[in-house]
Amino acid sequence: MKIVLCTFILSLLCVTPFQAQETVEEKELKHSVALVVGFTHVPRTIEEGETLNSQNLTAIGADYYYHFNQKWKLGVVVDIELGKYAVEFEGEELKRENAFITGLVVGYHILKRWSVYTGPGVEFERNKNIFILRTSTGYEFEIGKNWAIAPVLSYDFKKEYGSYSFGIGVDKKF
């Protein structure tokens, strides 16, 4: 009887640390932040009343996501387009300079590392604030524990014109 009891206690002591380790490793990380650098392409710009082909602007952004589960997440995106340009808006030339874009997006993982996003936002700029609808897609490449590099492609639908962005983000999950 003593041998059975000692064997039982010894086996519990050996198994318990392994079970605790599995619980820590299985913990799902619910938050992520990313810093993104890239460019925004505006297909039709205007200069002195003439339509130009296009313009590329440097873009810097930061994103925060809350992960509900392995498929769904909700996020806040913030971007700054560095540069000056003008577009035709409601029949007039609208000047844009260092626009600040923010939005609330819903994300869905199509595959383990590939996601699509969509949601409303506002492009804030001193001449006129514009409502946008953003759609995006991105793929995460793991580079370390809870770290990833993610190329992201976005399109902003606006009332009279649109723009697309391409960026590379560094993502940290916690």
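So, R134, is that one within 19 Å of Y64 (Cα to Cα), among the charged types (D, E, K, R) and touching a Pro at 6+ places or on another chain (Cβ under 9 Å) or not?
Working: within 19 Å of Y64 (Cα to Cα): yes; among the charged types (D, E, K, R): yes; touching a Pro at 6+ places or on another chain (Cβ under 9 Å): yes.
Spelling it out, R134 is indeed within 19 Å of Y64 (Cα to Cα), among the charged types (D, E, K, R) and touching a Pro at 6+ places or on another chain (Cβ under 9 Å).
How many of the residues in segment 29-52 are among the charged types (D, E, K, R), at pLDDT below 90 and in a loop (DSSP other than H, G, I, E, B)?
Residues in segment 29-52 being among the charged types (D, E, K, R), at pLDDT below 90 and in a loop (DSSP other than H, G, I, E, B): 2 in total.
How many residues are assigned to a strand (DSSP E or B) and exposed (fewer than 14 other Cβ atoms within 10 Å of the Cβ) when one looks only at segment 135-156?
Matching residues across segment 135-156 total 5.
Considering only residues that are aromatic (F, W, Y) and assigned to a strand (DSSP E or B), look in segment 157-173 and name the one that is farthest from L35 (Cα to Cα).
This residue is F157.
Can you name the residue in segment 34-61 that is under 15 Å from the mean Cα position of the chain (by Cα) and either of a type in the set (D, E) or farther than 14 Å from S165 by Cα (or both) and, of all such residues, is surrounded by the most Cβ atoms within 10 Å (Cβ to Cβ)?
The extreme case among them is A34.
Which ones in segment 96-119 are more than 24 Å from R44 (Cβ to Cβ), in a strand (DSSP E or B) and among the hydrophobic types (A, V, I, L, M, F, W, C)?
Correct list: L104, V105, V106, W114, V116.
Assuming K71 fulfils every condition listed in (1) surrounded by fewer than 13 Cβ atoms within 10 Å (Cβ to Cβ); (2) under 26 Å from E47 (Cβ atoms) apart from one, which condition is it?
(2)
Name the pairs whose Cβ atoms lie under 8 Å apart, with the first residue in segment 135-147 and of a type outside the set (D, E, K, R), the second not in a strand (DSSP E or B), and 6 or more positions between them or separate chains?
Partner pairs satisfying both residue conditions: Y139/R113; F141/R113; N146/L29; N146/F174.
Can you pull out the residues in segment 74-105 that are surrounded by 14 or more Cβ atoms within 10 Å (Cβ to Cβ), within 22 Å of V116 (Cβ to Cβ) and hydrophobic (A, V, I, L, M, F, W, C)?
Once the filter is applied, which keeps residues that are surrounded by 14 or more Cβ atoms within 10 Å (Cβ to Cβ), within 22 Å of V116 (Cβ to Cβ) and hydrophobic (A, V, I, L, M, F, W, C), segment 74-105 yields L74, V76, V77, V78, I101, V105.
The values are calculated or read from the model by the stated rules, or taken from the named source; none is laboratory data. Remember, it's a predicted structure, so these values are computed and weren't measured experimentally. Heads up, the Cβs are rebuilt from the backbone with ideal geometry, glycines too, and the neighbour counts pull from every protein chain shown.
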